[in-house]
Amino acid sequence: MNKAIAIIKDEHISISSVLKGLVSHVSDARSGNREVDPHLIGAQLDYIEAYPERLHHPKEDRYLFRKLRERTAESHAILDQLEAEHVRSRALVGEMRAHLKALRETGNLEAFARSMEDYATFHYQHMRTEERLLLPMAERCLTDEDWEEITAAFESNTGQEW
Ligand SMILES: [Fe+2]
């Protein structure tokens, strides 16, 4: 596996583990096994905004997706879909933020829980599409030079600060 792909997959694992923590926190709170902790949920949303939304998706858009779009028309339909999903992802995070605010003000967990489920389901599916369809196509179609540039971009910020 080339280095950029290894970094992207590692980043997906980091994102998945935070999502998993968020989902299990909310499901435990829903079933009465723990008190909901809006402060912890806020910190988990901070990570989601700072990392997948501001770093990971933009790096994919600017480097991996752009290069692949230039190299092969075969990629255009899937890239159109994934780029639209990056936009939708930001909107879904905005909805979670709004529902977290309501949770803090009114204690209503259900609306937040539903928006979180929408985001988690959506984002797992998004990462699966990237790993099953996009990355294998990129491995086939991109040149060594393309990968050098993409790897440099992904190495410049690996999320280790988290
Ligand atoms: Fe990704």
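The values are calculated or read from the model by the stated rules, or taken from the named source; none is laboratory data. Everything numeric in this text was worked out from a predicted model, so none of it was measured. In this analysis, Cβ positions are derived from the backbone assuming ideal geometry, glycine residues included, and neighbour counts consider all displayed protein chains. Please note that ligands, DNA and RNA were not included when accessible areas were found on the heavy atoms of the full protein model with its side chains. Shrake-Rupley method; radii C 1.70, N 1.55, O 1.52, S 1.80 Å.
For the peptides 70-83, 103-116, the ranking by mean Cβ contacts within 10 Å, running from highest to lowest, is 103-116, 70-83. What the phi angles of the range 4-20 give under the Karplus curve with 6.51, -1.76 and 1.60, with θ = phi - 60°, is a coupling list of 4, 5, 4, 5, 4, 5, 4, 5, 4, 5, 4, 4, 4, 6, 5, 4, 4 Hz, glycine and proline written as x.
Taking every C-alpha pair closer than 8 Å and separated by at least 6 residues, the mean separation divided by the residue count of the range 3-155 gives a relative contact order of 38 percent. Per residue, the range 28-77 exposes 51 Å² of accessible surface when a 1.4 Å probe is rolled over the protein heavy atoms with every protein chain present. Entry note, the chain: the mean residue ellipticity at 222 nm calculated from DSSP H runs of n ≥ 4, each adding -39500 (n - 2.57), is -24000 deg cm²/dmol after division by the residues and rounding to the nearest 500. Within a straight-line Cα-Cα reach of under 25 Å, Lys20 can be paired with the following lysines, leaving aside sequence neighbours fewer than 8 residues apart in one chain: Lys9, Lys59, Lys101. Taking the accessible area of the range 3-155, probe 1.4 Å, and keeping the other protein chains in place, the carbon and sulfur fraction comes to 50%. The charge dipole of the range 3-155, taken about its Cα centre with unit charges on the Cβ atoms of Lys, Arg (+1), Asp and Glu (-1) only, comes to about 340 debye. For the range 69-162, averaging the sequence separation of C-alpha pairs within contact (under 8 Å, six or more residues apart) and dividing by the residue count gives a relative contact order of 32 percent.
In this simple spin-label approximation, Lys3 and Ser16 carry label points 7 Å from Cα along the Cα→Cβ vector, and these lie 2.4 nm apart. Ranking Ala50, Ile13, Gly107 by how far each Cα lies toward the positive end of the dipole of the range 3-155 (charges on Cβ) leaves Gly107 at the top. Of Ala120, His86, Ser75, which is farthest towards the positive pole of the range 3-155's charge dipole, taken about the Cα centre with +1 and -1 on the beta-carbons of Lys, Arg and Asp, Glu respectively? In the range 3-155, that residue is Ala120. Note on Ala152 and Arg114: their simple-model spin labels are 4.8 nm apart, each label 7 Å out from Cα toward Cβ.
Among the protein heavy atoms, those of Val87 account for about 90 Å² of accessible surface (1.4 Å probe, every chain in place).
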